[in-house]
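The values are calculated or read from the model by the stated rules, or taken from the named source; none is laboratory data. Since the model is a prediction, treat every value here as computed from it, not as a measurement. Neighbour counts run over all protein chains shown; Cβ positions are idealised from the backbone, glycine included.
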Amino acid sequence: MNAPDISEKRWDTLARSRAARLARAGHLATGCIVSADDIVQLLEAVIEPGDRVCIEGNNQKQADFLARSLVKTDPSRLRDLHLVQSVLALPEHIDLIERGQVSRIDFSFSGPQAARLARLVESRKIAIGAIHTYLELFARYFVDLTPRVALIAAQAADREGNLYTGPNTEDTPAIVEATTFKGGIVIAQVNEIVDKLPRVDIPADWVDFVVKAPTPHYIEPLFTRDPAQITEIQVLMGMIAIKGLYAEYGIKRLNHGIGFDTAAIELLLPTYAADLGLKGKICTHWALNPHPTLIPAIEAGFVESVHSFGSEVGMERYTAARPDVFFTGADGSMRSNRAFCQAAGHYACDLFIGSTLQIDLHGNSSTATKGRIAGFGGAPNMGADARGRRHASPAWLRAGREGRGDIAMPRGQKLVVQIVETFREHMEPAFVERLDAWELAATANMELPPVMIYGEDLTHIITEEGIANLLLCRTPQEREQAIRGVAGYTPVGMARDLRMVENLRDRGIIRRPEDMGIRKSDATRDLLAARSVKDLVYASGGLYDPPRQFRNW
Amino acid sequence: MEQFSLTLPSDALPQNIASATLCGVVSSGNLEILVEPAAASDACRIVVNTSAHGFRDIWEAVLKDFARRHSVGGLSLSINDAGATPAVVSLRLDQAFETCRGELA
């Protein structure tokens, strides 16, 4: 019998490649520490053509020094790179593509660079693998998109290479875990190198090189909403959400989007919701960044627990002073983790509510508009029914009964809610017959139109006209009329079947504010627990330190 | 500026209002509504001054729904609009009506 010839097969090519890269870079490092002046040389030494590279960055912290340095590398040496990273948010990310160093990208979000990216895709300068959700991209790091080189950001390192990420841990553990345990190379930019770290977030033997960046890494205060900009319509919609939805279903565990609509809800908890006797009955446990607008609800004792994807600029001292509420380390500062918080938002929350730019007649919604490939980040993981869920809660069971009727096998459903004013700025209707996402998919040669929330996952729509409960619709026609019925004076709303909409209202599928006992004259800004950023600082007892652009006093 | 007026049939208010009521302010994305007594009790007369052009169909739909939703016969409404969305217009109309009705009670 002939044994298969295995003598020629090598099983350590990744380790040998890694060793060769480290040998090429060895002279640039003292221990693991590399000087900022040598960083371009280091990148050229360890990155090879065709590599999958992750430049860490989310919509919060960014490995911006490493991104800037990568743009300074020799394009004839570092080419055909495959970027696998959460966001393409920095101009340098797109510069790399324009310089011809990147052939393929797999990502989640590109907010600030959405228009430039769309132009590059249309001119065939770049191929998009897919626009993922965060959890989906992290999952693929462990299957078929494992980075060969990860360029990450941390607050501080010690001389061994242990890293302290502080409150903005975010994506770092997921990226490093995948890279380091599959023969990859991890390079960290840090704001400072110290003798002793407050705590270790990433152990030294997972990190190959550390460089002290000339400037601290950039962090965007993306989750700060100035209460002064919240409108009366947003107050009204917040009242509708609290009384018509949170109270009805007894929503205790939830995630909020980042818009002003949900900021209004947060600021109505200590006032409107408290007056309705809902303290302790709703909104006790959150998967949420430390939104400054949640401070009054926390101070009023509404909130028991908050786990966060990342931190928020200026909230560091406040979160550290509320360790019963936030997840904090032994050093006293918060620890965030995007992967775990996304999982929490997907599996352990009963409700997701957020805003969007367009909703179609099937309830599909998208923030993609013509000429902009923006991506979605975390919303699709939170805004989707968790089909794998196996634990019950009253809200989840009720939604399941409403949606599935009385079927043999009891099963719940997550409440997925879109909250929008019927017209956005400049009289752009939020309701459309056809999403711009279709046209974008055609021009950008994408296999899937970029849909943020699929209609089949959407359970409720809230507008200033009331709530449409899509769970209770029994036919596609009812569903379409329920959507038209809350679409106000948009063309989609004006084309409603008046009799059918009145029938839906009689059956409680559409509920107007007056049907819920909500007086529109109560919808004033006086109802907000804070009406300015300064009010939030007061509510925090001076612990919240807002970024300069939010200080107007 | 675009200006137009409408006279919409509506059930009469239970009693005449004594004085004028003002609701809202003219600032960007907002509007003010002045409510006064009018002669005819079976109709509501509305004058609209708006900074936004080309939305007369939507204005008429919003105002007709308002006159259908409430008994506003015998009222005269003067609206000065600085680009409010239909949501804000409806909210102000309802607030103006609730205010003037409150003053009746």
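Assorted remarks:
- Among the residues making up the range A:76-94, those that are out of contact with any helix residue (DSSP H, G or I) (no Cβ under 9 Å at 6 or more places or on another chain) and surrounded by fewer than 19 Cβ atoms within 10 Å (Cβ to Cβ) are A:Ser76, A:Arg79, A:Asp80.
- Among the conditions (1) crowded, with 20+ Cβ neighbours inside 10 Å; (2) within 12 Å of chain A (Cβ to nearest Cβ); (3) touching a strand residue (DSSP E or B) at 6+ places or on another chain (Cβ under 8 Å), B:Leu77 misses just one, which is (2).
- Residue in the range A:386-437 that is nearest to A:His362 (Cα to Cα), counting only those that are within 14 Å of another protein chain (Cβ to nearest Cβ) and not in a loop (DSSP other than H, G, I, E, B): A:Phe431
- A:Ala174 being over 26 Å from the mean Cα position of the chain (by Cα) and in contact (Cβ under 8 Å) with a residue 40 or more places away in the chain: no
- B:Val88 being more than 10 Å from every other protein chain (Cβ to nearest Cβ), touching a residue at least 24 places away in the same chain (Cβ under 8 Å) and not small (Gly, Ala, Ser): no
- Residue that is farthest from B:Gln95 (Cα to Cα) [pool: residues in the range B:11-22 that are at pLDDT 85 or above and in contact with a Leu (Cβ under 8 Å, 6 or more places away or on another chain)]: B:Leu13
- Which listed residue is under 26 Å from the mean Cα position of the chain (by Cα) and farther than 27 Å from A:Glu425 by Cα, from A:Lys252, A:Lys212: A:Lys252
For every residue, the table says whether it meets (1) aliphatic (A, V, I, L, M); (2) surrounded by fewer than 21 Cβ atoms within 10 Å (Cβ to Cβ); (3) modelled with pLDDT of 95 or more.
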| residue | (1), (2), (3) |
| --- | --- |
| A:Val235 | yes, no, yes |
| A:Met239 | yes, no, yes |
| A:Leu267 | yes, no, yes |
| A:Ala274 | yes, yes, yes |
| A:Gly280 | no, yes, yes |
| A:Pro292 | no, no, yes |
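- Residue match in the range A:391-409 (condition: under 20 Å from the mean Cα position of the chain (by Cα) and buried (at least 20 other Cβ atoms within 10 Å of the Cβ)): no
- When the range B:7-31 is limited to residues that are within 14 Å of chain A (Cβ to nearest Cβ) and in contact (Cβ under 8 Å) with a residue 24 or more places away in the chain, the one that is surrounded by the fewest Cβ atoms within 10 Å (Cβ to Cβ) turns out to be B:Ser28.
- Of the residues making up the range A:512-544, those that are crowded, with 16+ Cβ neighbours inside 10 Å and under 30 Å from the mean Cα position of the chain (by Cα) number 16.
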